[in-house]
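Below is one structure, written out as C-alpha cells; the observations come after it.
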Amino acid sequence: MVRVKDLRWKKDMRVSELVDSYEHVGFQSVELQRASDVIIKMKKDSAKIFLTFTSNMVTSGLRGFFAQLIELGIADVIVTTVGGLEEDIMKATGEVFRIGDFQTDDVELHEQGINRVGNLLIQNESYMNFEDLITDILGKLYEKQKRWTVSGMLREIGLLLEDSQSILYQAAKNDVPIFCPAITDGAFGFHLYLFQQDHPDFMVDVVKDFGNILYATSYDDRKGVIALGGSISKHHAILSTLLNGGAEYAVYMTTAHRTSGSMSGANTSEAKSWGKVKDESDVATVIGDVSITFPLAMIRALDELDSEGLLKN
C-alpha cells in the first residue's frame, strides 16, 4: 500500500517529477499519475492505440498537441466529432480563435457575430471562410471520385492542407485514419448536404467506414484506448475494441461522473461489464478538465518514452 507523502516544490522541477509525486498525494492526482503509467505501458507493449476526443478540445490550444502526438507515433487510430475537424481546417488556413470569459453577455456576442465555446470565441466570419473553402475542396474530391468513406475523405483533405500543427495534415502524412461517425453533425455536414443537392451521385459512406474501424485492429492485436471526454467518439472506439476482444489498456479523462449513466461519465470499470475493456486490463479514469489533466499525464509519458527511444523521430 502506497503511503501519503507531502508534495514539495523544488527549483527547476520538471513536469515528470511533479506527476511522479502525484502517486503519493491522494484523490484525483493519484489517478492522473496512474493514467500516465497506463499510457506508457500501452506504448511499450506495442498496443494499437485509439485516441478519441471531442470537438471542444480542438477549439482549444490542445489541437496542436494532438497533431504532435500523431507525428510522434502515439496514436494509431483517431476518432473524433466533426466540429473539431472543421476547426482544425479553419486554424490550418489562418483563422484565429480568441480567449474570452465564461461570464459574458452572450446576446452582445451574438450581435457582434461571435460564437462562444466556454471561454473561447469564434467569429462568424471564420465559418463563412470555411464555407468557401470546403465547397472548393468538395469539388476537388468529386472530380477525383464520386463515393468516399468518411476516413478516406478526411485523409484526402489532410493531404490538401499545409500546416504541421493540423490534426488532419499529420494524420494523412503519417497514415493514421481519422474516423468521424457523425460527420453531418455540424457545418461540415450542412455543406455536404448542399453539395449533394447539386451532385446527387456524390456519396459519403458512413456504414462502410464502420467496417474500416473494425479492421483497423484485430482480435490478436494488443489494444489501448485514450478517451478524452465522451460522446460518439469514445463509444465508437470502445465498440470497436469490444468486437475485437476488448482493450488491454484504457485511460478515460472526463468532467462527467458515473452517476449520470452517460457515455461521458462511464468509467473503465463499467466498460469491463460490456467487454469493451478486458477484465485484467490496466486502466485509469481521471475526473477533471482535460485541458489540464491530459497535458500533465501525456508529457510525463512522452518524457519516459523518449528516454527509451520509443517515439518516432
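Every read-out reported here was derived from the displayed coordinates using simple, explicitly stated rules and does not represent laboratory data. The structure displayed is predicted, hence computed values, not measured ones. Note that we place each Cβ from the backbone using ideal geometry, even for glycine, and neighbour counts take in every protein chain shown.
Here's the picture: a label point sits 7 Å out from the Cα of Leu242 along the beta-carbon direction, and within region 264-294 the residues with their amide nitrogen under 16 Å of it are 264-279. Among beta bridges identified by DSSP and lying wholly in the chain, the antiparallel ones come to about 20 percent.
For the pair Gln68 and Arg8 in one chain, pulling the backbone fully straight at 0.36 nm per residue adds 18.5 nm over the alpha carbon distance.
Label separation (Gln112 vs Glu131): 2.2 nm, computed from points 7 Å beyond Cα along the C-beta direction. What's the FRET efficiency of Asp289 with Thr259 using the Cβ-Cβ distance as r and R₀ = 22 Å, to the nearest 0.05? The calculated FRET efficiency here is 0.75. Remark on region 1-136: hydrodynamic radius 18.1 angstrom, per the Kirkwood mean of 1/r across alpha carbon pairs. When the alpha carbon gyration tensor of the chain is reduced to an equivalent ellipsoid, its three semi-axes come out at 33, 24, 18 angstrom, largest first. Each of Asp105 and Leu194 was given a label point 7 Å from its Cα along the Cα-to-Cβ line. The distance between the two points is 3.1 nm. Placing a label point 7 Å from the Cα of Ser46 along the Cα-to-Cβ direction, the residues of region 210-240 whose backbone N falls under 15 Å of that point are 218, 220-224. Helix 187-198 and the longest principal axis of the C-alpha atoms of the chain enclose an angle of approximately 30°. Here, P(r) means the percent of Cα pairs in each 10 Å bin from 0 to the largest distance; for region 261-313 it is 20, 34, 36, 10, 0.
Measuring max minus min along each principal axis, the C-alpha atoms of region 45-101 give extents of 42, 21, 18 Å (largest first). Simple spin-label estimate for Leu214 and Glu17 gives 5.1 nm between the two label positions (7 Å along the Cα-to-Cβ direction from each Cα).
Could you state the angle between the C-alpha long axis of helix 62-71 and the longest principal axis of the C-alpha atoms of the chain, as a value from 0 to 90 degrees rounded to the nearest 10? Value to nearest ten degrees: 80. Against the chain, whose longest principal axis is taken from its Cα atoms, helix 82-92 shows a tilt of about 80°. Grab the beta carbon distance between Asn124 and Gln28, set R0 = 30 Å, and tell me the FRET efficiency rounded to 0.05. Efficiency computed from Cβ-Cβ geometry: 0.20.
Listed by Cβ neighbour count within 10 Å, with the fewest neighbours leading, Met298, Met57, Met263 appear as Met263, Met57, Met298.
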